[in-house]
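Q: Below you'll find the structure I mean.
The values are calculated or read from the model by the stated rules, or taken from the named source; none is laboratory data. This structure is a prediction, so every number in the text was calculated from the model and none was measured. Every residue, glycine as well, gets a Cβ built from its backbone with ideal geometry; the counts of neighbours run over all protein chains shown.
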Amino acid sequence: MVASLNEVLTGTERVLDTPLPSAYSIAISQISWIYVLVLPFQLYNFLEWITIPASVVAAYIIIGLATIGSEIENPFGQDVNDLPLDTYCRQIALELDIITAMPPPNVDDFMERDDNLVMFPLSPRGITEWQERSVEDIRAALAAKVVANVNQTPANSDDDSTVVGAGSSIGKQSV
């Protein structure tokens, strides 16, 4: 868990600390403006009088995209277009409070509950029934590569399981 958080932190620091090279930003800006200034001459033969409004709309879109690109270059700040990190942190703190408000589960209680299907999908039976079986029976069930019928529940199951053995056909076996 800590390794994952560290990996996320490293990725966000990389985004923050690696700005776009200034030559790239200048080139994008110049190319965008040159295209916008030359566009009316390219469109005049096809659009005639509609060239001016079409060029204005195209310029608005192209220069707008360039501006958006420069705005979202650094998403970690307090500008209008930045990520709401304070909201994210408050939500994480709230969820951590909810998680830590309950005591941790007792492992022994969890392991010994009858609805804990310790051999699922090999069998829909609980731990108490598997504790009564011998080690050889458990190993035989595991070696047979038993696949439990997904539609069964521990309450209404007669514990028939589908066996898929190596080199054998599919059949029924009681586990």
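Q: Pairs under 8 Å by beta carbon, first residue more than 30 Å from Q78 (Cα to Cα) in segment 16-42, partner surrounded by 10 or more Cβ atoms within 10 Å (Cβ to Cβ) and among the hydroxyl-bearing types (S, T, Y), six or more apart or different chains?
A: Qualifying pairs under 8 Å: V36/S55; L39/S55; P40/T51; P40/S55.
Q: A54 is checked against (1) among the aliphatic types (A, V, I, L, M); (2) at pLDDT below 85; (3) more than 26 Å from the chain's Cα centre (by Cα) and fails just one. What number does that condition carry?
A: Single failed check for A54: (2).
Q: Also, I was wondering about something else. Could you run through segment 19-30 and say how many residues are within 37 Å of the chain's Cα centre (by Cα) and either modelled with pLDDT of 95 or more or loosely packed, with under 12 Cβ neighbours inside 10 Å (or both)?
A: Residues meeting the conditions: 7.
Q: Which of the numbered conditions does P75 fail, given that it passes all the others? Conditions: (1) at pLDDT below 90; (2) over 21 Å from P19 (Cβ atoms).
A: (2)
Q: Given segment 97-145, what helices (runs of 4 or more DSSP H) lie entirely inside it while holding 2 or more residues that are surrounded by 15 or more Cβ atoms within 10 Å (Cβ to Cβ)? If you could, list the steps in order and put the result at the bottom.
A: Working: elements: 107-111, 127-131, 135-143.
Because the criterion is at least 2 residues that are surrounded by 15 or more Cβ atoms within 10 Å (Cβ to Cβ), the helices (runs of 4 or more DSSP H) in segment 97-145 that meet it are 127-131, 135-143.
Q: Continuing with this model, one more query. Of the residues that make up segment 91-109, is at least one among the polar types (S, T, N, Q) and under 20 Å from L9 (Cα atoms)? Before you say what the answer is, go through the steps one by one.
A: In the first step, residues of segment 91-109 are kept if they are among the polar types (S, T, N, Q); the result is 91, 100, 106.
From what's left, under 20 Å from L9 (Cα atoms): 91.
Yes, the conditions are met somewhere in segment 91-109.
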